[in-house]
Amino acid sequence: MLNVAVVGSGPAGLYAAEALVKQAAALPVPVPVRVDVIDRLPTPYGLVRYGVAPDHKSIKSIAQYLRKVLESPDVRFAGGVHLGEDVTRDDLVSAYDAVIYATGAMRDRRLGIPGEDLPGSYAATDFVNWYCGHPDVDAGAFTLDAESVAVIGVGNVAVDVARILARDPDELHTTDVPQPVLDALHASKVREVHMIGRRGPAHAKFTTKELRELGELPGVEVVVHADEADLNAFDLVGEGVTLVESDRRVRGNLVAITKWAQGAAAEPATGSASGHSRRLTVRFWLRPTEILGTERVEGITLERTAIGPDGKLGGTGEFETLDAQMVLRSVGYQSVPLPGVPFDPRASVVPNAQGRVLGEDGAPLPGEYVAGWLKRGPTGVIGTNKSDAAETVRCLLEDLAGGPGEGDVPLPRAGLLRYPDPVASADGEWPLAGVLAGRGIVPVSYAEWLRIETAEADLAKALGRGERVKLHNAEAIWSACRPPSE
């Protein structure tokens, strides 16, 4: 039995677990494998549960696929086990034949400008975690008493944040958004949302489907400044035109943006006298230079940017001040270091070669691997993690055991992983059982996670809301998982 630990139960981790089971079974001499998926939270699915917006039900349905991975007889879920607190890297490397790190990238990059730490200035991930019911964020963390909000960034996360702020909360009634969050959205004073990018519309990272959704929100007027939609206005080398010619996604984005710039996208809707209750303005060629305010956010200073004759983006010295009582930065995710695991602070990834973790000398470390955003940075969509994880697992299995036999192709680093000992592993005891028992840690089982699912379904039924409503804090989650009476 090959025992492998996967740290992280999001898409990258579970795709890695799936690839291990399937690829090990498909070897010329099949290898039985047992995969322990370890997560610091008592709930699995990572970004699918706590990063996908509640109104994107089709994307959230990926959880049903990942559920089948956890229900494989060769996979075990071990929730509530925190690497660095409950177990160490050495514990894992000693207990398992191999370890795959797949903890994602859930910290926002900072803007690095004055005023960034004022009350009312937040990382977009904090806001996303809030409306997704992440137990790390208190349900009362956001009161939404701002009338104007600036969202810095033009990627899909920024689009999600802007859409949730602008959308009529009645449309979220049948989603899994926690009830205290839904109550806060109903009480929201937000009437204007500004989404701001430092480059032009051709450089924006959002996908066309997500962008178009903004124009379909009832009661929301979408505004784009005509000069900022002009590909040539602030681009002296024609970079945007080249992107439009070469990239279908960019062309699709530009169609929607051009319509809004011409004032043709918004349809009349009931609400204010103008037919709209809220306005969403998408801005380009602006970069924040200072968040204004004394005791809390009162506005933000933006500098016009342009691509000069040298092809470099820079400020033009032209400034404007935007009234805003809340700023949400969404300018990219970063991974955080795992205790004891090699980390490249410049790229914010674990240094690796095709998923093999590299030591300080640049050589692969025996039995340690990485997958997902922690491996390659925050790029691609959820499905990208599947092929990424498969690559890592192929390398792991290539590295398994004693070296090439007669006629075999030499392995990249033969013999660094030991052959699994079927006698030692036959009793099926969890490799970390003794270590965690000695520390008083009882991992959350998959059966206990299902109790949380049941509690959320029961709550939805009691509230008359959809299929499930997320429990909104850690206490409620743990109480459902392990009722006090037990």
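What is the local net charge at PRO119, summed over the other residues whose Cβ is closer than 9 Å to its Cβ (Lys, Arg +1; Asp, Glu -1)? Before the final figure, lay out the partial values.
Working: positive: ARG296; negative: ASP117, GLU295.
Net charge around PRO119: -1.
Assign one of three labels to region 16-73, namely rounded, prolate or oblate, based on the Cα gyration tensor with a ≥ b ≥ c the square roots of its eigenvalues; rounded applies when a/c is under 1.5, prolate when it is not and a/b is larger than b/c, and oblate otherwise.
Taking the square roots of the gyration eigenvalues as a ≥ b ≥ c, region 16-73 is prolate.
Run lengths n ≥ 4 of DSSP H only: what is the helix-derived mean residue ellipticity at 222 nm for the chain, with -39500 (n - 2.57) per run over all residues, to the nearest 500?
Value at 222 nm, helices only, nearest 500: -9000 deg cm²/dmol.
Please work out the ratio of the alpha-carbon Rg of region 279-399 to 2.2 N^0.38 Å and round it to two decimals.
1.53
Could you do me a favour and compute the accessible area per residue for the chain, 1.4 Å probe, result in Å²?
Working: 21060 Å² over 486 residues.
Computed with neighbouring chains in place, this is 43 Å² per residue.
Under a 1.4 angstrom probe, counting protein chains only, how are PHE284, PHE343 ranked by accessible area, largest first?
Correct descending sequence by accessible area is PHE343, PHE284.
Just for the Cα atoms in region 1-99, what are the lengths along the principal axes, largest first, rounded to whole Å?
That works out to 44, 36, 17 Å along the principal axes.
For VAL151, what residues show an amide H to amide H distance below 5 Å, using hydrogens built from the backbone and excluding near sequence neighbours?
Distant-sequence amide H within range of VAL151: HIS194, MET195, ILE196, LEU328.
So, with a 1.4 angstrom probe, what is the percent of accessible area on the chain that is carbon and sulfur?
For the chain, the apolar C and S fraction of the accessible surface comes to 52 percent.
Of the listed pairs LYS57/LYS470; LYS60/LYS209; LYS60/LYS386; LYS312/LYS375; LYS386/LYS470; LYS22/LYS386, which have alpha-carbon separations greater than 21 Å here? Could the numbers behind the result be given before it?
Working: LYS57/LYS470 14 Å; LYS60/LYS209 16 Å; LYS60/LYS386 16 Å; LYS312/LYS375 29 Å; LYS386/LYS470 27 Å; LYS22/LYS386 13 Å.
Beyond 21 Å between Cα atoms: LYS312/LYS375; LYS386/LYS470.
Among the DSSP beta bridges whose two residues both lie in the chain, what percent are antiparallel, rounded to the nearest 5?
Approximately 35 percent, going by the DSSP bridge assignments.
Evaluate 2.2 N^0.38 Å with N set to the residue count of region 333-387, then give the Cα radius of gyration divided by it. Write down the numbers at each step before the final one.
Values: Rg = 11.0 Å, N = 55, 2.2 N^0.38 = 10.1 Å.
So the Cα radius of gyration is 1.09 times the expected 2.2 N^0.38 Å.
Ranked from the most accessible area to the least, with a 1.4 Å probe and all protein chains present, what is the order of TRP430, TRP478, TRP285?
TRP478, TRP430, TRP285
Roughly what % of Cα-Cα distances in the chain sit above 33 Å, to the whole percent?
Working: 52290 of 117855 pairs.
More than 33 Å apart: 44 percent of the Cα pairs in the chain.
What residue among LEU358, PHE319, THR392 has its Cα farthest toward the positive end of the dipole of the chain, where the charges are +1 on Lys, Arg and -1 on Asp, Glu, each on the Cβ?
Positive-most Cα among the choices belongs to THR392.
Count charges around GLY362 for me, please; just the other residues with Cβ under 12 Å from its Cβ, Lys/Arg as +1, Asp/Glu as -1.
-2
Counting only protein chains, not ligands or nucleic acids, how are HIS173, HIS194 ordered by accessible area (probe 1.4 Å), most first?
Details: HIS173 75, HIS194 15 Å².
Solvent-accessible surface, decreasing: HIS173, HIS194.
Rounded, prolate or oblate: which one fits region 154-237, using the alpha carbon gyration tensor with axes a ≥ b ≥ c (rounded when a/c is under 1.5, else prolate when a/b beats b/c, else oblate)?
Taking the square roots of the gyration eigenvalues as a ≥ b ≥ c, region 154-237 is prolate.
Take the Cα pairs of region 128-187, get the Kirkwood Rh, then feed it into Stokes-Einstein at 20 °C and 1.002 mPa s and tell me D in µm²/s.
176 µm²/s
The values are calculated or read from the model by the stated rules, or taken from the named source; none is laboratory data. Computed from a prediction, not measured in an experiment: that's the story for all the values here. A quick note on method: Cβ atoms are made from the backbone with ideal geometry, for glycine too, and the neighbour counts reach across all protein chains shown. Quick note on the areas: whole protein, heavy atoms, side chains included, nothing else; ligands and nucleic acids left out. Shrake-Rupley method; radii C 1.70, N 1.55, O 1.52, S 1.80 Å.
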